[in-house]
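> Okay, here's the structure, questions in a sec.
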Amino acid sequence: MHNTKDILETLNFIQSRTDVKPTVGIILGSGLGPFADTLENAVRIPYSEIPHFAKSEAVGHANELVIGTIAGKSVVAMKGRFHYYEGFSLDQVTFPVRLMKALGVEKLIITNACGAVNTDFNPGDLMIINDHINLTANNPLMGPNNPELGVRFLDVSEVYNKELRQIIKDVASEQGVAVREGVYAWWTGPTYETPAEIRMIRTLGADAVGMSTVPEALVAHHSQIKTVGISCLTNMACGILEQPLSHDEVIETAERVKATFLKLVTGVIERF
């Protein structure tokens with residue numbers, strides 16, 4: 001569990017670099033980092049300079065914290081995230097969320113690039129996450145609880161805030177963007193799932209599967225940050241199309257929907 005001293009040290013460091021007090025946070029998944037480049041009057045801080053931040057080398061992630069404004073809102077964006085499959089602890093993966101809470105973030109958008117399990121979905125679709133299934137047998141809240149940060153036993157009946165999900169649906173409708181809604185399954189990675197595992201995941205009721213998002217969402221919920229998730233479905237999951245999966249395909253599809261994604265997220269933040 002995170003300790004208050006580390007969070008305050010990191011908070012003081014960030015506040016020494018910018019006076020902006022963000023109320024909205026966004027975590028940008030593979031290929032979706034360009035959103036951070038649209039922030040105005042932005043301060044960019046490499047993760048390598050930030051106390052208590054892990055050092056990520058994930059492909060498709062720039063690894064810098066960007067703080068600025070867009071649509072009249074102050075925003076902190078993670079341009080690149082930490083993944084459990086990189087060998088980080090879940091405390092390291094989720095520490096930036098604790099920092100966001102300390103900075104004053106009230107609403108968080110978590111994005112990812114992931115595989116579609118629901119055969120009615122298509123690569124390039126955007127999916128609002130309405131619930132998740134944790135398939136990793138691990139949880140970022142395990143270990144001693146710090147009562148200054150949140151409760152010991154957390155109700156997770158609504159991790160992904162219903163009100164924020166509706167805002168995304170409203171904005172998407174106004175922009176003429178078709179969005180899906182469904183359940184996200186968290187897989188550790190870095191291997192993609194086998195065809196048999198995908199059949200299992202579909203049977204369990206998931207619509208998409210990916211290697212991130214759930215730990216950050218749980219810690220944000222524990223921190224009483226209103227949270228919403230948007231998945232970019234970059235490929236059909238293993239075994240559906242009888243072809244091998246590649247990370248290049250993930251990045252290419254994310255690139256193809258980038259403009260739609262940027263416009264949608266900007267419109268959503270404007271309503272927050």
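The values are calculated or read from the model by the stated rules, or taken from the named source; none is laboratory data. As the structure is a prediction and not an experimental result, all values here were calculated from the model. Counting neighbours? That spans all protein chains shown, and the Cβs are built from the backbone with ideal geometry, glycine included. Note: accessible area is taken over every heavy atom of the protein model, side chains too, but ligands, DNA and RNA are not part of it. Shrake-Rupley method; radii C 1.70, N 1.55, O 1.52, S 1.80 Å.
> Ala71 versus Leu204, label points 7 Å from Cα toward the beta carbon: distance in nm?
Here the answer is 3.2 nm between the modelled labels.
> Considering only Arg81, Arg165, Arg256, give the residue with the highest GNM mean-square fluctuation for the chain, with springs between Cα atoms whenever their separation is below 10 Å.
With Cα springs under 10 Å in the chain, the top fluctuation among Arg81, Arg165, Arg256 is at Arg256.
> How much length is gained if the chain between Thr194 and Asn3 is pulled fully straight, taking 0.36 nm per residue apart and subtracting their Cα-Cα distance, in nm to one decimal?
65.0 nm is the gain from fully extending Thr194 to Asn3.
> Enumerate by residue number the GluC sites (Glu not before Pro) in segment 174-248 meeting two conditions: DSSP loop (anything except H, G, I, E, B), and at most 14 other Cβ atoms within 10 Å of the site's Cβ.
Glu242
> For the peptides 29-38, 151-160, what is the packing order when you average, over each peptide's residues, the other Cβ atoms within 10 Å and list the highest mean first?
Descending packing order for the listed peptides: 29-38, 151-160.
> Which ³J(HN,Hα) values, rounded to whole Hz and listed in residue order, are derived for segment 228-238 from phi using the Karplus coefficients 6.51, -1.76 and 1.60 in 6.51 cos²θ - 1.76 cosθ + 1.60 with θ = phi - 60°, glycine and proline given as x?
Karplus-based 3J(HN,Hα) across segment 228-238 equals 9, x, 10, 9, 9, 7, 8, 7, 7, 5, 3 Hz.
> Given a cut-off of under 8 Å on Cα pairs at least six residues apart, what relative contact order in percent is computed for the chain?
Here the relative contact order equals 26 percent.
> Shape of segment 145-242 from its Cα gyration tensor (a ≥ b ≥ c, root eigenvalues): rounded if a/c is under 1.5, otherwise prolate when a/b > b/c, or oblate?
Taking the square roots of the gyration eigenvalues as a ≥ b ≥ c, segment 145-242 is oblate.
> Using the structure shown, list the pairs from Lys162/Lys226; Lys21/Lys101; Lys55/Lys258 with a Cα-Cα distance above 18 Å, or answer none.
Check vs 18 Å cut-off fails for Lys55/Lys258.
> While we're looking at this one, here's another question. Under a Cβ-only charge scheme (Lys and Arg +1, Asp and Glu -1), can you give me the dipole magnitude of segment 142-272 about the Cα centre, in debye to the nearest 20?
Around 260 debye, computed over segment 142-272.
> If you don't mind, there's one more thing I want to ask. Given a 1.4 Å probe and every protein chain left where it sits, what share in percent of the accessible area of segment 139-181 is carbon and sulfur?
Roughly 52 percent of what the probe reaches on segment 139-181 is carbon or sulfur.
> What net charge do the residues around Lys162 carry, taking every other residue with its C-beta under 12 Å from that of Lys162, with Lys and Arg at +1 and Asp and Glu at -1? Walk me through the numbers on the way to the answer.
On the way: positive: Arg165, Lys169, Lys226; negative: Asp131, Glu158, Glu163, Glu181.
After counting each charged neighbour, the total is -1.
> At 15 angstrom or more along the helix axis (alpha-carbon based) and mean Kyte-Doolittle of 0.5 or higher, what helices does the chain contain? Whole DSSP H runs only.
Once both thresholds are applied, what remains is 90-103, 258-271.
> Taking +1 at the Cβ of each Lys and Arg and -1 at the Cβ of each Asp and Glu, which of Ala54, Cys114, Gln15 sits farthest along the dipole of the chain towards its positive end, judged by Cα position relative to the Cα centre?
Gln15
> A follow-up question, please. Work out the length of the dipole vector of segment 29-105 about its Cα centre, built from +1 on the beta-carbon of each Lys and Arg and -1 on the beta-carbon of each Asp and Glu, and round it to the nearest 20 debye. All intermediate terms of the calculation are to be shown ahead of the outcome.
Values: 7 positive and 7 negative charges, 45 e Å.
Magnitude of the dipole: close to 220 debye.
> Between the DSSP loop rule and a limit of at most 11 other Cβ atoms within 10 Å, which chymotrypsin sites (Phe, Trp or Tyr not before Pro) in segment 45-121 are left?
none
> Quick check for me: using +1 on Lys/Arg Cβ and -1 on Asp/Glu Cβ, what's the dipole size of the chain about its Cα centre, in debye to the nearest 20?
My answer is approximately 540 debye.
> Cut-off under 13 Å on the C-alpha distance; same-chain residues fewer than 8 positions from Lys5 excluded. Which aspartates and glutamates are left, in chain and number order?
Straight-line reach from Lys5, under 13 Å: Glu148.
> Okay, moving on. For the chain, what is the accessible area per residue in Å², given a 1.4 Å probe and the full set of protein chains?
Dividing the accessible area of the chain by its residue count gives 41 Å².
> If you don't mind, there's one more thing I want to ask. Once you have a ≥ b ≥ c as the square roots of the Cα gyration tensor eigenvalues for segment 1-101, tell me rounded if a/c is under 1.5, and otherwise prolate or oblate according to whether a/b is larger than b/c.
Oblate shape, in that a/c is at least 1.5 and b/c is the bigger or equal ratio.
> Further question: Once you list every other residue whose beta carbon is under 15 Å from the beta carbon of Thr38, what net charge do they have if Lys and Arg are +1 and Asp and Glu are -1?
Residues near Thr38 contribute +1 overall.
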